[in-house]
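What follows is a single structure, written as structure tokens, with notes after it.
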Amino acid sequence: MLQAKWIDEEKLAKALKFQQQQGCLIGEAMVKLHYVSEEQVAQALGKQLGIPYASKENQILNPEKTQGLERYIPEKFARDNAVIPLFIENNTLAIALTDPTNIMMLDNIKLVSGMEIQLFISTKAQILKVIDAFYQGQSNMIDTVLDKAMEKGGGGGETSDSDVITPDGKLDLDKVIIGESKGAQSIKLVNAIMKQAISERTSDIHLEKFDEKISLRLRIDGVLYERSAPPKELVDAMISRVKILSKLDISERRLPQDGSFSIKYQNRIIEIRVSICPTVFGEKLVMRILDRGSVELNVKIIGFEPRQMEDFLKAASAPNGLIFLTGPTGSGKTTTLNAVLNTIKSPELNIMTLEDPVEIKMEGISQVQVKPAIGLTMASGLRSFLRQDPDVILVGEVRDNETAEACLKAAMTGHLVLSTLHTNSALEAVPRLLDMNIEKYLLASTLLLLAAQRLVRQLCPLCKVPYKPPQSEIDQCLAECMINPPPDPAKMTFYKAVGCPKCNNMGYKGRKAIYEVYFNTDAMKQIIYKDADVHKLAFEAAKGGAWNLRASGWRKVLAGITSVEDMLSVTVSER
């Protein structure tokens, strides 16, 4: 940079001082001080290392779309590492990246591709833009609207609603927006983001401001993925647009707000739950997508092993007692319990649910939304339920002593009660309930079943690749799978994620639940009554043939449903 006269000695000294203070690379320091551009840093680094510079202008940063390059570098890897494949020639894979000194990443690419690597250097901004265009199906709708917004000049501000609203008050995303005003661009962007999110099976949309950038992320199968961010000047108008749809106060920017609205898309009614939270850089918007059409309430397909499903349905068929399902938020507990209710429901049973919120609406079941603001809490609602002659009661979550005691009394008076708790494992629900002042002898006598669940991502069946597991994975599987007799190591085949157009180059498509299910046997009742020791309960359950979450995860790995990496990321070893 000195030789090119882009900087002088004085600027270099200031940049070195700034680098020491910030702990960043010298190139980053010069860009932040506005001494040079990112392009100049990349060009200088390329010259120093003898690596050609690639850009759209010199036609090098233009990936070949007919060579199947996405098989060698999946989209998630490309985005995480700011690297893009360019072409293949003479068994050499050409790639553009920002950090040619990342030897570990280069070794991984060589290993996966089985080819030598030819390096080109470029800027992160240019590479990410090319990634968006190259990996088809990822950001097309959003990018199309973004490009038009930039052509029109963008801009914020409110506008009159030019969407088509259905007679029942739902926003119809299948209709085309008319108009090209600045405010209309924000409306188009919101609609494009929602359409793209639904098409990609997204559960949550995150839009937030930072000091120097805007972030738009979609949570797909439990993982957040970056998408093309809208212009900074449009974000406030986009958030105001969502507030209008959710009937929230558009003038309030200092307090958190929660709301919801419904949309119609491809003949499906989709609920959108909205949360807006003020941060130091402005408001953050999170939209949760509840697509009823994508949820299949069938206990045979959600992930139960045969023994687990048999135990769960045996408990759910009992005339009275308590069933608790545990797990963190977003682990699929509501879907599992609703699938169980959907299995046991019949005209002979009066089934009632008390939820906050009601996420999945079902025919033949009376569902009640909790409204604490008017005094309709879990505990008060449950007391009123008992005057409705119910056979089966679902309580969304037990959070306090009052609700726990109400569930226990309902179970003792001839009702089957299903509910959830936030504990790390199924058996930890016992001490949690005892902490809520539930008597040991009452818990031991009324508890039918304890279960816990997590969600693992399913490998894409079209592109998953088998491999012979290393000895370390074989040893860990044999030690933790709790299969008797243990599987033959010589016949073990595991699978890893690769990525293809059908799974949007992620390597995974959809999720399955893994469970631990413990039917409360007479021996376990005695342990609860005496000292409620979790370790003794786990030992007794294992003697009876039950297994924990990690063991369920290994079963999914052995069946080729998920990868070792994904399973280990959501479970913990109990050895």
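Yes/no per residue for (1) open to solvent by 20 Å² or more (accessible area, probe 1.4 Å); (2) among the β-branched types (Val, Ile, Thr); (3) in contact (Cβ under 8 Å) with a residue 40 or more places away in the chain; (4) in contact with a strand residue (DSSP E or B) (Cβ under 7 Å, 6 or more places away or on another chain):
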| position | (1), (2), (3), (4) |
| --- | --- |
| Leu442 | yes, no, no, no |
| Arg454 | yes, no, yes, yes |
| Lys464 | yes, no, yes, yes |
| Ala479 | yes, no, yes, no |
| Ala490 | yes, no, no, no |
Looking at Asn90, Asn108, Asn81, which one is buried (at least 16 other Cβ atoms within 10 Å of the Cβ) and closer than 30 Å to Pro466 by Cβ?
-> Asn81
Within the set of pairs 6 or more residues apart or between chains, which connect a residue that is closer than 14 Å to Glu75 by Cβ and at pLDDT 90 or above inside the stretch 208-229 to a residue that is of a type outside the set (D, E, K, R) and not in a strand (DSSP E or B) with Cβ atoms less than 6 Å apart?
-> Leu218/Ala197
Residues of the stretch 35-83 classified as of a type in the set (Gly, Ala, Ser) and over 37 Å from the mean Cα position of the chain (by Cα), total | 3
Pairs returned, first residue in the stretch 279-303 that is at pLDDT below 90, second residue that is assigned to a loop (DSSP other than H, G, I, E, B) and among the acidic types (Asp, Glu), beta-carbon separation under 7 angstrom, 6 or more apart or interchain, are Leu290/Glu359
Filter the stretch 362-372 down to the residues that are surrounded by 13 or more Cβ atoms within 10 Å (Cβ to Cβ) and assigned to a strand (DSSP E or B), then identify the one that is nearest to the chain's Cα centre (by Cα).
-> Gln369
Report yes if Glu428 is more than 22 Å from Asp311 (Cβ to Cβ), touching a Leu at 6+ places or on another chain (Cβ under 9 Å) and either open to solvent by 10 Å² or more (accessible area, probe 1.4 Å) or charged (D, E, K, R) (or both), otherwise no.
-> no
Among the strands (runs of 3 or more DSSP E) lying completely within the stretch 252-343, list those that include at least 2 residues that are open to solvent by less than 30 Å² (accessible area, probe 1.4 Å) and more than 28 Å from Met194 (Cβ to Cβ).
-> 321-326
Quick check, is Ser228 under 20 Å from the mean Cα position of the chain (by Cα) and under 30 Å from Val456 (Cα atoms)?
-> yes
Residue among Glu355, Glu359 that is acidic (Asp, Glu), open to solvent by less than 60 Å² (accessible area, probe 1.4 Å) and in contact with a Ser or Thr (Cβ under 7 Å, 6 or more places away or on another chain) | Glu359
Any residue at all in the stretch 188-201 that is at pLDDT below 90, charged (D, E, K, R) and assigned to a loop (DSSP other than H, G, I, E, B)?
-> yes
Report, ordered by the first and then the second residue, all pairs with beta carbons closer than 8 Å, sequence separation of six or more or different chains, a first member in the stretch 501-516 that is without any contact (Cβ under 8 Å) to a residue 60 or more places away in the chain, and a second member that is open to solvent by less than 10 Å² (accessible area, probe 1.4 Å) and of a type outside the set (Ser, Thr, Tyr).
-> Lys502/Cys460; Cys503/Cys460
Just one of Leu45, Leu69, Leu49 is under 25 Å from Lys213 (Cα atoms) and not small (Gly, Ala, Ser); which is it?
-> Leu45
Failed condition for Thr66, given (1) open to solvent by less than 50 Å² (accessible area, probe 1.4 Å); (2) at pLDDT below 85; (3) of a type in the set (Val, Ile, Thr) | (1)
Residues satisfying the stated conditions in the stretch 20-52, i.e. over 22 Å from Ser122 (Cβ atoms) and either modelled with pLDDT of 90 or more or in a helix (DSSP H, G or I) (or both) = Gln20, Gln21, Gln22
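The values are calculated or read from the model by the stated rules, or taken from the named source; none is laboratory data. Remember, predicted model here, so these are calculated numbers, not experimental data. Because the Cβ atoms are built from the backbone with ideal geometry, glycine has one as well, and the counts that use them run over all protein chains shown. The accessibility values were calculated without ligands, DNA or RNA, using every heavy atom of the protein model including side chains. Shrake-Rupley method; radii C 1.70, N 1.55, O 1.52, S 1.80 Å.
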